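I have placed the structure first, in the form of structure tokens, so that the comments after it can refer back to it.
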Amino acid sequence: MVSIGYLYFFLPVFMALYALAGQKYRPVMFLLAGVFVVGWDSVFSLIPIVLSIVFGYLSALVSEKAPRKAAGAFLALTVLLNAAALVFFSYSRYYDTDLSGRLTGHPLPFSDYHFIGAGIYTLHSISYSADIFMKKYEREKSFVKTACYIGFFPCLICGPVLRYDRIKEDLAHPVISYDRMADGIRALVYGFAQKLIIASPLLTVWQRISAVKTADLSFASCWFAAAAFSLAMYFDFKAYCDIAKGMGLMAGFSMPDNFSAPFSAGGFNELMKRFCSTLYEWARDYIYRPLCPKNDKENIHLPAMLAASVFGVIWFGIGGRYFVWGLFFLLVLTFEYISRKLLTKVNHVLRSVFMNIIFLGGLPLAAFSAPADALRFIAKMFSFSGLAGDVYALYVVKNYFVLYFIAILFAFAPARLVRTNFNRLNPNIVRIVQPIVQTILLLLSTAFLCAGQPEGFMF
Amino acid sequence: MKRSLNLISIAGFFTIIIMLAVSTLIFGRDSLSGIFSSDGDIRVKTETFISSSFPLDSNWRSLHTMIYGAVTGETINDVFSDEDRLIKVYPDYDRDRAFSNVGLINNFARKTDTPISLVLAPTAAGVYRDSLPDYIENTDQLGIINSLYYKLGKGVGSIDMFYPLYSAKDDYIFYRTSDCWTSLGAYYAYEDMMRQLGAQPYDLSNYDLEYADDSYYGELYQQLRYMGCEEDSINLFRPKFSSTVDEVKLYRDNEEISAASVYFKSAFNSADKNDVYLHGSDYTRAEIDTTSESGLRLLLIKGHYANTLVAFLLPHYEHITVIDPDRLKAEGRTLADAADPDSYDRILIMYDCVQFSRTDSFDIFNNK
């Protein structure tokens, strides 16, 4: 999705055909574009998504027409099938995140293929089927529109996770407006810039430092590296979500925000709400809440939280590192829950600082494939030693100070506050500056793409 | 106002997108019809077409290098932009293949009585290793060369190229924009090599320097379009008193060309001007008759670094056969098909240490 081909060829051709198609045929055009995007990498990628769509559609149909028991059984089948697709196909391309590879030592025959979107369309299919079964809203009669929603192609890399009831109006009447188009272009260009100018170079810092023997590093280098990994991960996810949002807006769909300054959160629960918030909401609505006692929706229930956390782990991948990281999250969430009364008395900024320190301290568990390497790295982080003669810390400060500064500014709330206040002062100045910034970022992104900056999703 | 600015925003975006897309399709380097040819994966062909035909390629690269490479001090495609030069670094080194090549040379030495010497030159990343920041991964070329020499068998001598170049590193011995040595670098290498072989090298004062081209941009510049370093000049060393070449014959496949010099100035109009030396690596074999009356015959088995050095060897040998193993292997032939090793007085195997670890062509030493 982040490539010259997508930006300069797929996008204008799709938008031209989509605009010419008129409201009636736009869903068909959107669906065809999705088939093209998914099938471009490999036609085999189309098999699970087609199954997920068909089962989602049939489950809704059965829920409406068949007796409750049969509908429940079909819903269970749909959920199972999608869960299997999520487990086997999401991140299946990467050996250490392939379930079969983990269990048997042999990757599945199809693990060479990139099953794009398995982490998203499965969630769409499950939420849609479950909502219709629960009679939250009426089913979509048109197969094409159902397919458009479940396989919503701009979101297939890493979200946001959509809800049918929130986009059904736009699906029924996809209107291309100047305002949405301009907002969409902006989001798209900002997405490309975040990916290419911020996320990829920061990942280079992590790769360079983490490749060095931990014994040769100082605690400062380790903290710089962990911060680089954290920021690279955030901007990579956010970039793809912004690109998805941009494409959606350009095509006439209102799209949810998936990130809300997560590192400004005052705790881990809040961090999860702010980081991939649509995924958090999905886990809350379709895993956590159904597992909570019916008459107690107010308090937090650890078994349900455990189930939702396991889901979060599987969503990010099946590899051992994600299980360890998931366990780490579970521990801190449990601790946070137990000490919640005490924590409410602590100042938000202080809580946020502690949260970030603990988050960075645990991040190597997700970054290293071997837990022993991660533990050595974490031990070094908290050893506060080895600063004398550390070339890597100096390297980061000397070469990446500006990039860290920009990344931190945009990742934390201050950039948002500045933008909001600036908007309040004089919105017209912002509107004049925006097209200029947008053009500069588009040209810079093109330069980075032409120079061969990594294009794929990195996490 | 909001609507007008939104319109400007949309128009500006699509104007840039469509202009560049249309330029790619109409003015691109490759033909669009190639995508629809029956051979190969259409996805790969499309991506190749786009990357090769996208307009202003050099400008985009230059902008990227200026912003990313210069600001962060990082390597781009393993090329480090120092203050006034580009240095190709080699984070990975195929030690297994390099040692396997040494083994093949040792086997070859057992089959012939002609003395063999292995000459491994460092690249710029080896000579200018002190200029590279500590955080940049780079192969220890001196260590590699020494360990490879250590594995050489009885019949193979080794010639040190590292210290002659390292001690002259402040001179113009490597191009600023290419990973190859200059003719002066090659001269220093020759001078020391001849001494190690027990011969007297010709002094620089015996040569006139011809400034053949002063606007050479090497392959590293082509990759990065780094504006921070000046263009290079290609200088040719010509003997002061008389030509040392009788005739040069170059062979590849079934083609043969003759010339009166080892310098081919037609290369100044080609993609790589550095091919001026013995036509680069375009030919499989060169047979050079010289005016030398030494009566000595040299078989030079070489990588691309040796091309620049050949001119200095001419006064020492009456006949020089130059073999490019990669091309010879590609033609499906062995060394025995191209030359008889026993008919020479000396065999030199000359590579830069990086190419030596990448070539898999030393099985040409085995007869079919």
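The values are calculated or read from the model by the stated rules, or taken from the named source; none is laboratory data. Small disclaimer: the values here were computed from a predicted structure and weren't measured. Note that we place each Cβ from the backbone using ideal geometry, even for glycine, and neighbour counts take in every protein chain shown.
Can you say whether B:ALA267 is in the same structural domain as B:GLY155 (by TED's automatic domain parsing), surrounded by 18 or more Cβ atoms within 10 Å (Cβ to Cβ), of a type outside the set (Asp, Glu) and assigned to a helix (DSSP H, G or I), as far as the supplied structure shows?
Taking the combined requirement at face value, the residue satisfies it.
What tally of residues in segment A:1-42 results from selecting those that are within 9 Å of another protein chain (Cβ to nearest Cβ), surrounded by fewer than 16 Cβ atoms within 10 Å (Cβ to Cβ) and modelled with pLDDT of 90 or more?
1
Please verify whether B:SER281 is over 22 Å from the mean Cα position of the chain (by Cα) and in the same structural domain as B:TYR149 (by TED's automatic domain parsing), treating the condition exactly as stated.
Working: over 22 Å from the mean Cα position of the chain (by Cα): no; in the same structural domain as B:TYR149 (by TED's automatic domain parsing): yes.
So B:SER281 fails the test.
Would you point out the residue of segment A:336-361, among those that are in contact (Cβ under 8 Å) with a residue 40 or more places away in the chain and charged (D, E, K, R), that is farthest from A:MET305 (Cα to Cα)?
A:ARG351
Table: residues versus (1) buried (at least 24 other Cβ atoms within 10 Å of the Cβ); (2) assigned by TED's automatic domain parsing to the domain that holds B:ILE257; (3) in contact (Cβ under 8 Å) with a residue 40 or more places away in the chain.
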position	(1), (2), (3)
B:THR291	no, yes, yes
B:SER294	no, yes, no
B:TYR305	yes, yes, yes
B:THR308	yes, yes, yes
B:PRO315	no, yes, yes
B:THR334	no, yes, no
B:ALA338	no, yes, yes
B:ASP345	no, yes, yes
B:CYS353	yes, yes, yes
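Do we have A:PRO435 as within 14 Å of chain B (Cβ to nearest Cβ) and at pLDDT below 85 here?
Considered against the rule, which asks whether it is within 14 Å of chain B (Cβ to nearest Cβ) and at pLDDT below 85, A:PRO435 comes out as no.
Out of B:ASP78, B:ASP82, B:ASP39, which single residue is exposed (fewer than 15 other Cβ atoms within 10 Å of the Cβ) and more than 10 Å from every other protein chain (Cβ to nearest Cβ)?
B:ASP39
Of all residues in segment B:281-310, count the ones that are within 21 Å of B:GLY198 (Cβ to Cβ) and either among the hydrophobic types (A, V, I, L, M, F, W, C) or assigned to a loop (DSSP other than H, G, I, E, B) (or both).
12
Quick one: which residue in A:LEU61, A:LEU81 is part of a helix (DSSP H, G or I) and touching a helix residue (DSSP H, G or I) at 6+ places or on another chain (Cβ under 7 Å)?
A:LEU81
I need the full set of residues from segment A:409-432 which are at pLDDT 70 or above, in contact with a helix residue (DSSP H, G or I) (Cβ under 7 Å, 6 or more places away or on another chain), part of a helix (DSSP H, G or I) and away from every other protein chain (no Cβ under 14 Å), in order please.
A:LEU409, A:ALA411, listed by residue number.
Would you pick out the residues in segment B:74-100 that are of a type in the set (Ser, Thr, Tyr) and assigned to a helix (DSSP H, G or I)?
If the condition is that a residue be of a type in the set (Ser, Thr, Tyr) and assigned to a helix (DSSP H, G or I), then B:SER100 is the only one that fits.
For segment A:186-199, what are the residues that are within 9 Å of chain B (Cβ to nearest Cβ) and closer than 15 Å to A:ILE408 by Cα?
The answer is A:ILE197, and nothing else.
Let me confirm something: among B:SER53, B:SER81, which residue is among the small types (Gly, Ala, Ser) and under 23 Å from the mean Cα position of the chain (by Cα)?
B:SER81
So, of the residues in segment B:42-58 that are facing another protein chain (nearest Cβ under 8 Å) and part of a helix (DSSP H, G or I), which turns out to be surrounded by the most Cβ atoms within 10 Å (Cβ to Cβ)?
The qualifying residue surrounded by the most Cβ atoms within 10 Å (Cβ to Cβ) is B:ILE50.
In this structure, is A:VAL205 within 12 Å of another protein chain (Cβ to nearest Cβ) and modelled with pLDDT of 95 or more?
Judged against the criteria, A:VAL205 is not a match.
Are there helices (runs of 4 or more DSSP H) fully within segment A:261-320 with at least 2 residues that are modelled with pLDDT of 85 or more? List them.
A:268-274, A:277-283
What tally of residues in segment A:139-167 results from selecting those that are over 22 Å from A:VAL62 (Cβ atoms) and in a helix (DSSP H, G or I)?
5
Residues of segment B:129-147 being crowded, with 19+ Cβ neighbours inside 10 Å, away from every other protein chain (no Cβ under 14 Å) and in a loop (DSSP other than H, G, I, E, B), which ones?
B:THR139
So, in segment A:377-407, how many residues would count as being in contact with a Lys or Arg (Cβ under 9 Å, 6 or more places away or on another chain) and more than 14 Å from chain B (Cβ to nearest Cβ)?
Selection size over segment A:377-407: 1.
I need the full set of residues from segment A:36-58 which are part of a helix (DSSP H, G or I) and over 30 Å from A:MET134 (Cβ atoms), in order please.
A:PHE36, A:VAL37, A:GLY39, A:TRP40, A:ASP41, A:VAL43, A:PHE44, A:SER45 - these are the residues of segment A:36-58 that are part of a helix (DSSP H, G or I) and over 30 Å from A:MET134 (Cβ atoms).
One residue is enough: does segment B:232-247 have a residue meeting the conditions at pLDDT below 90 and either of a type in the set (Phe, Trp, Tyr) or closer than 16 Å to B:TYR175 by Cβ (or both)?
yes
Given the structure, is A:LEU108 modelled with pLDDT under 95 and under 18 Å from A:PRO290 (Cα atoms)?
no
Could you tell me whether B:GLY103 is part of a loop (DSSP other than H, G, I, E, B), under 30 Å from B:ASP345 (Cα atoms) and either more than 20 Å from the chain's Cα centre (by Cα) or in the same structural domain as B:ALA336 (by TED's automatic domain parsing) (or both)? Let's see the steps before the verdict.
On the way: part of a loop (DSSP other than H, G, I, E, B): no; under 30 Å from B:ASP345 (Cα atoms): yes; either more than 20 Å from the chain's Cα centre (by Cα) or in the same structural domain as B:ALA336 (by TED's automatic domain parsing) (or both): yes.
Taking the combined requirement at face value, the residue does not satisfy it.
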